[in-house]
1. Under 14 Å from the Cα of LYS112, which aspartates and glutamates turn up, not counting those fewer than eight places away in the same chain?
2. At 1.4 Å probe size, with every protein chain present, just tell me what the per residue accessible area of the chain comes to in Å².
3. Determine the distance separating the Cα centre of region 97-168 from the Cα centre of region 1-42; give it in Å without decimals.
4. With +1 on each Lys and Arg Cβ and -1 on each Asp and Glu Cβ, how big is the dipole of the chain about its Cα centre, in debye rounded to the nearest 20?
5. Determine the sum of side-chain charges near GLU153: Lys and Arg each +1, Asp and Glu each -1, restricted to other residues whose C-beta is under 12 angstrom from that of GLU153.
6. Using only the alpha carbons of the chain, what is the convex hull's orientation-averaged projected area in square nanometres?
7. Tally Lys/Arg at +1 and Asp/Glu at -1 over every other residue whose Cβ is under 13 Å from the Cβ of LYS58; what's the total?
8. Given a 1.4 angstrom probe, I'd like the percentage of the accessible area of the chain that is carbon and sulfur, rounded to a whole number.
Amino acid sequence: MLLVWWGKTKSGRKSTITIPKYFFTSYNLNAEKLTGQFKKMGLICDINDRTVLTDTGKLIFDKYKALWEIHSIKQYPTNLDTDFPTWDKNKFELKLYQMELKYYKDHAYHCKRMIDYFNSLNVPANAKEIHDEVNYYINQGSSNLAKVNDYKEKIAILKDKINENREI
């Protein structure tokens, strides 16, 4: 992941940059020492005041950049080696969108049940708090259904991409 971090910018990173602390706290890496090893291995080099990937480093970067994108999605807790042993970003996103789709479908159903409940109370027309609640759940439900449609489209596109990759 550290090599991908070094390669994430087009013009390289300043050679004097402080490497983010999360490489130590999250991955138990001695990032400065590992950076030195990358330089010895010819994966990165310093040009003027910038640290850039070498051609060999770029090959490794290209291989693992999808892993970086998967790892950087914060709302999905995962063990990448267990859940995505091939580090397939499309399959990862498909699973993520399927979970989001289920959430928004379930929440839309909840909103409908709440609207039905409040409407069953037969409250007077001037019961502002109840009408506000109904309007809130109507808006939430509408928003959720729009997201459901959006996720359905995204899922269909990703399934097509995955199937196309299988055929290649």
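The values are calculated or read from the model by the stated rules, or taken from the named source; none is laboratory data. Owing to the predicted nature of the structure, the values given are computational and were not obtained by experimental measurement. We place every Cβ from the backbone using ideal geometry, glycine too, and count neighbours over all the protein chains shown. The accessibility values were calculated without ligands, DNA or RNA, using every heavy atom of the protein model including side chains. Shrake-Rupley method; radii C 1.70, N 1.55, O 1.52, S 1.80 Å.
1. GLU133
2. Numbers: 11530 Å² over 168 residues.
Per-residue value: 69 Å².
3. 42
4. Magnitude of the dipole: close to 600 debye.
5. +2
6. Working: hull surface 59.9 nm².
Averaged projected area of the chain's Cα convex hull equals 15.0 nm².
7. Surrounding charge for LYS58 is +2.
8. Exposed carbon and sulfur together represent 53 percent of the surface.
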